[in-house]
Each structure stands twice: as structure tokens, then as C-alpha cells.
Amino acid sequence: MVRKIFFTILFLIPFCLMLYYGKETFYIDQQAATQEMYDYHFALVTEEVGNNYWHFIEKGAKQAAEEHNVYLEYVGPKVTDTDERLDTLDRMIAANVDAIITKGMSDPRFRQLVQKAKEHQIPVATIDTDNSGSGRDFYVGTDNFEAGYLAGKTMIEETEGEQKVVAIIGLKDAQNQMERLEGFEEAISQEERIELVAVAESNITELGAADATYQLLKSRSDITAIFGISALDGMGIVQAIDEFQPTTRPYVLAFDILPETLELIEDDKIQATIAQYPEEMGKMAVKEMYQLHQKDQPENIHHTKTGVIKKEDVMNGEVFLKEGE
Ligand code: BGC
């Protein structure tokens, strides 16, 4: 009996090893074969793989990639994580991809990695958030200061009387978030009745935004307006208001036009949102990167559109464009 067990184990070990390594080799071969069918291999390094806003960037990028016979790899951390994102960039350089498209970061290691990519002849474009001092080749995305300014102007136009505003910011070390906040502050500085009284972080999650808003509503009774600065903040803000049930609902200004945000606009829970066009960003970044490979130097900065979306611009969960847009 013992002998039988011994020989079974002796047989099973090499069998399992054969299965494991066979599968690995097959996977690597298959990946190499897939890549060989394409002219280029671009990496799109996202802030958060599962984030809906980034899925729109991915969608546009994949569409343009298909048109230009580019293999587009969408990679990054599961949830926002600076070190993991930087490590992913480093891994893509080591993989010797033909181009990297990534959100710009203020961390000093980002600049070093852009330089490293250039030493390996890998062009780098920033998308959604720029870091113009990093040596990247070009930027595609929103003019974030202007978008924040537009939010401030909207708050001025859409509210009356004294306003105590709190801002829920995605991440304080994200340059696009800080630029939006600066733009917003610049706009409201022209209007004495509007004052920004607190800023809290959501860590770009709906739950984080709900927690931050709830704490603020609990700690001060004078809040009349809330500004959510990243894509999931508006939803979290509404969750907290619904739960806290203040006597008067604050005016809510959000960012982005994700379907859930549009639904809340139709339900009168969010009064306005600043639209960005992530799908367009993805498309344009891949297109320009392809042009760069054809020796056609792209412009340094490509700003994509922004706009204000209110209830009258939304129908059945979608933004309908006014004539001329
Ligand atoms: C920002 C992105 C961010 C996302 C988070 C968007 O408004 O432009 O930088 O990753 O929100 O949900």
C-alpha cells in the first residue's frame, strides 16, 4: 500500500510540472503570436483598471488601435496606487513596447521613468493629466484648470445668496485634481458670497466620497453646496446626503458624465456636472502616437472638450448634444 502511494506521488509530481510549464509556454507563445499580427504594441497605463471613466479611455484607444493595426495593452493597478502604477510603467519599458500612454504623475520617479523610456526609444504620451516637465512627447486631455474655472462659473450662475462650499477631491497628489480646484477657487474669488470652507479626499472611490461628505455634513451645519472633483465623487456625495438627510439639500456640482451621474441629474440629486470626453482622449492619444511613429511630430498639447451638463441636456440617461456641438 505504502509503495503504491509512493509511486503514485512519484508519477504525479512530474505530471503536474509538465502541465504547468506546458500551459505557461503555450500562453507565452500565444501572446507572442498575437503581438506578431500587429504593426505596433502600445501600452495604456491606467490609474485604476476597473474604473468606469478609464474604461471609456480604453474603449476609444482600442477603437483607434484597431484602425491602425496596433496591439493595445490596457494595464495598471486594480485600485489607485502610485507605486504600483510606477512599477507598471517600468515593466512596460522592460517589455520594450512601442509606445506608452499614461496619466501624468507628480511623483519624481515618474520623470525618471519617462527619461528611461526615452533612452529606450519608447515615446511617452500623457493622457487625462499632464506633467509637461517630465519630457513626455505630448499630452491629450482636458485643460484641467479651465475645467475647474468652468465649475466655479457654474456655481456662480446656478446659485443665489451666500454659499458655503465643500470640495471632495479625488486625490490631493493628483495634478489634475489640484488644477481643477485652483481653477474653481480662481473663479469663485470674484464672488464674495461664495466661500470654499473645506476640502476632503475621496481616494477616487464612491465610498470614500460618501464617507468624506457624511463626516463634513456631521461636523458643520452651514454647508450649502458640494463640489465633487473626480468621476465617482458625485455619486458618493448623493449617497451621503440621502443618508444624512439635511433639512435643506445642498447644491451638488459633479465631474464627468458617467451613466450613474447622469441618472442622478435626471433625479434632481445632482444639479450640474462638468463633462469630459475620455473616449475621445483615448482615440486621439493612439492616433497621435501612431502618427509619431510615422515621423509626424504631434502638437505638444491636445485639449479635448469640456462642458456643463444640466438636467435639460440629459434624456433617458444620455447627454443629447445641442445643435452645433
Ligand atoms: C479624472 C481621472 C480620475 C477619475 C477617477 C476623473 O474625473 O479625470 O483622473 O482617474 O476621475 O474616477
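Every helix of 4 or more DSSP H residues in the chain counts as -39500 (n - 2.57), and over all residues that averages to -15500 deg cm²/dmol at 222 nm.
DSSP loop GluC sites (Glu not before Pro) in the stretch 147-182 with at most 13 other Cβ atoms within 10 Å of their Cβ, which ones? Can you show the working numbers first?
On the way: sites: GLU157, GLU158, GLU160, GLU162, GLU179, GLU182; in loops: GLU160, GLU162.
Within the stretch 147-182, the qualifying GluC sites (Glu not before Pro) (loop, at most 13 other Cβ atoms within 10 Å) are GLU160, GLU162.
Computed with a 1.4 Å probe over protein heavy atoms only, the accessible surface of the stretch 64-119 comes to 48 Å² per residue.
Work out the P(r) tail for the stretch 173-230: percent of alpha carbon pairs separated by more than 12 Å, whole number. Here the long-distance tail beyond 12 Å is 70 percent of all Cα pairs in the stretch 173-230.
Measuring nothing but protein heavy atoms, the accessible surface of the chain at 1.4 Å probe radius is 51 percent carbon and sulfur. Of the listed pairs LYS62/LYS310; LYS78/LYS164; LYS164/LYS311, which have alpha-carbon separations greater than 25 Å here? In this structure, LYS62/LYS310; LYS78/LYS164 exceed 25 Å between Cα atoms.
For the stretch 183-325, the solvent-accessible area works out to 50 Å² per residue, with a probe of 1.4 Å and every protein chain left in place. Computed about its Cα centre, the charge dipole of the chain is approximately 1420 debye, with only Lys, Arg, Asp and Glu carrying charge at their Cβ. The residues of the stretch 123-162 expose, per residue, 32 Å² of accessible area to a 1.4 Å probe.
If each residue of separation counts as 0.36 nm, what is the full-extension length gain between LYS164 and ASP87 once their alpha-carbon separation is subtracted? Let's see the in-between values first.
Numbers: separation 77, 0.36 × 77 = 27.72 nm, distance 4.08 nm.
Residue separation times 0.36 nm, minus the Cα-Cα distance, leaves 23.6 nm.
Loop-located GluC sites (Glu not before Pro) in the stretch 184-250 (DSSP state not H, G, I, E or B) with no more than 12 neighbouring Cβ atoms inside 10 Å: GLU192. Gain on full extension, evaluated as 0.36 nm per residue between GLN121 and ILE301 minus their Cα-Cα distance, stands at 62.7 nm.
Would you tally the net charge around ASN51, using a Cβ to Cβ cut-off of less than 12 Å, leaving ASN51 out, and scoring K and R as +1, D and E as -1? Can you show the working numbers first?
Values: positive: LYS78, LYS103; negative: GLU47, GLU48, GLU58, ASP128, GLU206, ASP256.
With Lys, Arg at +1 and Asp, Glu at -1, the neighbours total -4.
Local charge for THR159 was computed over the other residues whose Cβ lies under 10 Å away, with Lys and Arg +1 and Asp and Glu -1, and equals -4.
Calculated FRET efficiency, VAL79 and GLU146, Cβ-Cβ r, R0 30 Å, to nearest 0.05? So the FRET efficiency works out to roughly 0.55. Where does the Debye-calculated log10 I(q)/I(0) of the stretch 55-105 sit at q = 0.19, 0.22, 0.26 Å⁻¹, using only Cα point scatterers of equal weight, no solvent? The Cα Debye sum returns log10 ratios of -0.71, -0.91, -1.13. Eigenvalues of the alpha-carbon gyration tensor of the chain, scaled by 5 and square-rooted, set the equivalent ellipsoid semi-axes at 42, 26, 18 angstrom, largest first. The loop-placed chymotrypsin sites (Phe, Trp or Tyr not before Pro) in the stretch 111-204, going by DSSP, include none that has at most 12 neighbouring Cβ atoms within 10 Å of its Cβ.
Relative to the Cα centre, the charge distribution of the stretch 54-204, modelled as +1 at Lys and Arg Cβ and -1 at Asp and Glu Cβ, gives a dipole magnitude of about 620 debye.
Around the amide H of VAL199, modelled in the peptide plane, lie the amide H atoms of ALA167, all under 5 Å away and 5 or more residues distant in sequence or on another chain.
Excluding GLY104 itself, calculate the net charge of residues whose Cβ lies under 13 Å from the Cβ of GLY104, where each Lys or Arg counts +1 and each Asp or Glu counts -1. Spell out each step's value before the answer.
Working: positive: ARG85, LYS103, ARG109, ARG111, ARG136; negative: GLU47, ASP107, ASP128, ASP130, ASP137, ASP173, GLU179.
Result for the local shell: -2.
Given Cα positions, please report Rg to Rh for the stretch 103-244, the hydrodynamic radius being the Kirkwood one.
On the way: Rg = 17.3 Å, Rh = 16.2 Å.
Here the Rg-to-Rh quotient is 1.07.
The values are calculated or read from the model by the stated rules, or taken from the named source; none is laboratory data. Computed from a prediction, not measured in an experiment: that's the story for all the values here. No Cβ is skipped: glycine too gets one built from the backbone with ideal geometry, and neighbour counts run over all protein chains shown. Areas reflect the complete protein model, heavy atoms only, side chains present, ligands, DNA and RNA absent. Shrake-Rupley method; radii C 1.70, N 1.55, O 1.52, S 1.80 Å.
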